[in-house]
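Below: one structure, written as structure tokens.
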Amino acid sequence: MTDKVLLSVTLPATGRSYEFRVPLCLTVEAAARLMSGILATTESALYEASDDVDLMYLDELPVRGGQLNPNETVRALVEQGALVDGSHLALV
């Protein structure tokens, strides 16, 4: 197993998707905040970073529109099969 998972993350503010290689050791909350900070830098005219940011599933499985548990590690979600390389998420 690698130490990162490739996620496709849609930012509703821009309507675009971005790819991130996320370390498995991070919690979902830490990963969301990290992505939020990066996107605020690259899309500063359209998006402002927030500490109150969540990740939601865009894929049908495990449940489209479901929020990822912010306290769960990315590793645990990969081991459960809830996240795989190429999983589609939204940063909300």
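Would you confirm, using the coordinates I've provided, whether SER36 is assigned to a helix (DSSP H, G or I), among the hydroxyl-bearing types (Ser, Thr, Tyr) and within 13 Å of the chain's Cα centre (by Cα)?
yes
Matching residues to (1) assigned to a loop (DSSP other than H, G, I, E, B); (2) surrounded by fewer than 17 Cβ atoms within 10 Å (Cβ to Cβ); (3) at pLDDT below 95; (4) more than 13 Å from the chain's Cα centre (by Cα):
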{"residue": "LEU6", "(1), (2), (3), (4)": "no, yes, no, no"}
{"residue": "ALA45", "(1), (2), (3), (4)": "yes, yes, yes, yes"}
{"residue": "ARG64", "(1), (2), (3), (4)": "yes, yes, yes, yes"}
{"residue": "VAL78", "(1), (2), (3), (4)": "no, no, no, no"}
{"residue": "HIS88", "(1), (2), (3), (4)": "no, yes, no, no"}
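Hey, could you check segment 66-76 for residues that are assigned to a loop (DSSP other than H, G, I, E, B) and open to solvent by less than 20 Å² (accessible area, probe 1.4 Å) and say which is farthest from VAL5 (Cα to Cα)?
GLY66
Any residue in segment 8-20 that is more than 12 Å from LEU55 (Cα to Cα) sitting within a Cβ distance under 8 Å of a residue that is at pLDDT below 95 and part of a loop (DSSP other than H, G, I, E, B)? List the pairs, counting only those 6 or more apart or interchain.
Final answer for the pair search is ALA13/GLU43; ALA13/LEU46; ALA13/TYR47; THR14/GLU43; THR14/LEU46; THR14/TYR47.
Which numbered condition in (1) closer than 23 Å to THR2 by Cβ; (2) of a type in the set (S, T, N, Q); (3) in a loop (DSSP other than H, G, I, E, B) is the only one that SER50 fails?
Only one criterion in (1) closer than 23 Å to THR2 by Cβ; (2) of a type in the set (S, T, N, Q); (3) in a loop (DSSP other than H, G, I, E, B) is unmet by SER50, namely (1).
The values are calculated or read from the model by the stated rules, or taken from the named source; none is laboratory data. Please read all numbers here as calculations on a predicted model, not as lab measurements. Cβ coordinates were reconstructed from backbone atoms using ideal geometry, including for glycine residues, and neighbour counts include every protein chain displayed. When the accessible area is computed, the model is the full protein with side chains, heavy atoms only, and any ligands, DNA or RNA have been set aside. Shrake-Rupley method; radii C 1.70, N 1.55, O 1.52, S 1.80 Å.
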